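Step one of this worksheet: look at the structure below.
The values are calculated or read from the model by the stated rules, or taken from the named source; none is laboratory data. This structure is a prediction, so every number in the text was calculated from the model and none was measured. With ideal geometry, Cβ positions are generated from the backbone for all residues, glycine too; neighbour counts draw on all protein chains shown. Heads up: the accessible areas ignore ligands, DNA and RNA and are worked out on the full protein's heavy atoms, side chains in. Shrake-Rupley method; radii C 1.70, N 1.55, O 1.52, S 1.80 Å.
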Amino acid sequence: MRKLLYITTVNVADNSAQSLQIVSMCSAFSKFKNNFKLYCFGVNKLEVQTQYDITSLDTGGNKLFRTLRICFFVLKENSKKYDVFTRDLLVALIFSLLRKNVIWEAHQGTSKAAKIILKLLSLFKNFKVLTISEALKQADEIPISKKRIYSYHDGCELNYHQVKIQELIFDKKTALYTGALHKGEDVDSLSPLFNSFPDWDFIFIGGKEAEVEIYSNRYSSFKNVKFLGRMPHSDVLNYQFSADVLLFPLTKTNKLWKYTSPLKLFEYMKAGKPIVGSNIGSVSEILDKSNGFVFNEKLDLIDAFNSYCRASDEDIKHMIEKNKSLIENRYNWASRAKFIIEKIFDDR
């Protein structure tokens, strides 16, 4: 069986969404590939125990320097046949030129320089692309044959190992948002709810200290709005599993809106709680009226929240059951890794 290498220039210990995605995918890959290895940066600070081999370099230097360093280490340590999975286009170029089977994972639209590299890579049959959404696959962002482009959204863990979920007791009905505060006007887009539903508490978890202070001051006149900042992932899960409803805002001021595959949305679906969310762009591939109370350019946020408030227990139960089924059967890391190995790498 050929060895599989995940090569990234990302610092996998920086607690970002991309580092969580990488670590989760590596854990899933290792369950299907005994001879799997991760090449990365910053793993010495990674708090998660891994069951696979890792070569980690010290962080430092610009992207090009890190790319050349990590590729050197890969070539130094591996002489036998191996396949490469990467989010880094330059890494993909180097190993495609070396005639390795390569999958490049695309997360957003491409620059002019990236398109030039991709046109060159289109000449190599050993190069394939995995996009995180169907919208990105179908867009004119990746100038290679659609037959060599595959799509699969991200996901979440099927089981939260070593995490004991504790139900929290809130004083009032609670709507919860967990995630970044800096992405466009996503958080601000929820502000019409604060006045319209004074009997609800709106809790926001995430954001850097400075961002939390800015938003706390901006909405200080609302006693039902709380910004709690970052907290351990286990605590975030407790909030998600305890809130009455989970909020997913997405606006076109967020540069990722067209092609995103947001990890927090899959966590929401896993939590088994109703979702009031924006389903613009690629999110419409995941969330619609059958599994959430959606708002977009045609459907109003207030109307969506009112729809949730008026929904019967039976309707909400059906939505939650559908989300549970989607997570168990598709939107999880194990299913995604299996698809990549069996449908892309083995389809040659």
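Each residue of the range 23-29 in order: what ³J(HN,Hα) in whole Hz does its phi give by Karplus 6.51 cos²θ - 1.76 cosθ + 1.60, θ = phi - 60°, with x for Gly and Pro?
Working through the residues one at a time gives 4, 5, 5, 5, 4, 5, 4 Hz.
Which ³J(HN,Hα) values in Hz, rounded to whole numbers, follow from the phi angles of the range 6-19 under the Karplus curve 6.51 cos²θ - 1.76 cosθ + 1.60, where θ = phi - 60° and Gly and Pro get x?
These are the phi-based 3J(HN,Hα) values: 9, 10, 9, 9, 7, 7, 6, 10, 8, 6, 7, 4, 5, 5 Hz.
Cα to Cα, under 16 Å, and not fewer than 8 places away if on the same chain: which lysines meet these conditions relative to Lys3?
Within the straight-line cut-off, Lys3 pairs with Lys31, Lys33, Lys37, Lys76, Lys80, Lys81, Lys100, Lys338.
What per residue convex hull volume, in Å³, comes out for the chain when only alpha-carbon positions are used?
In the chain, the Cα hull volume divided by residue count equals 141 Å³.
Per residue, how large is the accessible surface of the range 250-308? Use a 1.4 angstrom probe and give square angstrom.
The answer is 38 Å² per residue.
Hey, any idea what Rg/Rh is for the range 35-146, computing Rh the Kirkwood way over Cα pairs?
0.98
For the range 1-105, report the accessible area per residue in Å² (1.4 Å probe, heavy atoms, rounded to an integer).
Solvent-accessible surface per residue comes out at 49 Å².
At a 1.4 Å probe radius, which order do Arg148, Arg2, Arg336 fall into by accessible area, largest first?
From most exposed to least exposed: Arg2, Arg148, Arg336.
If one takes the longest principal axis of the Cα atoms in the chain, at what angle in degrees, from 0 to 90 and to the nearest 10, does the Cα axis of helix 112-121 lie?
50 degrees
Residue farthest toward the positive end of the dipole of the chain, with Cβ of Lys/Arg at +1 and Asp/Glu at -1: which of Cys26, Phe65, Val245?
The listed residue farthest towards the positive side: Phe65.
Rounded to the nearest 10 Å², what accessible area does Phe222 have for a 1.4 Å probe in the complete protein model?
Only protein atoms counted, so the area is about 50 Å².
Run the accessible area of the chain with a 1.4 Å probe and give the carbon-and-sulfur part as a rounded percent.
C and S atoms contribute 50 percent here.
Once the convex hull of the alpha carbons of the range 89-171 is built, what does its volume come to per residue, in cubic angstrom?
162 Å³
Only Lys, Arg, Asp and Glu count, each charged at its Cβ (+1, +1, -1, -1), so figure out the dipole size of the chain about its Cα centre, rounded to 20 debye.
Its charge dipole is roughly 1980 debye.
So for the pair Lys208, Thr251, with labels modelled 7 Å out along Cα→Cβ, what separation do we get in nm?
My value for the distance between the label points is 2.0 nm.
At 1.4 Å probe size, put Cys309, Cys40 in order of accessible surface, largest to smallest.
Descending order: Cys309, Cys40.
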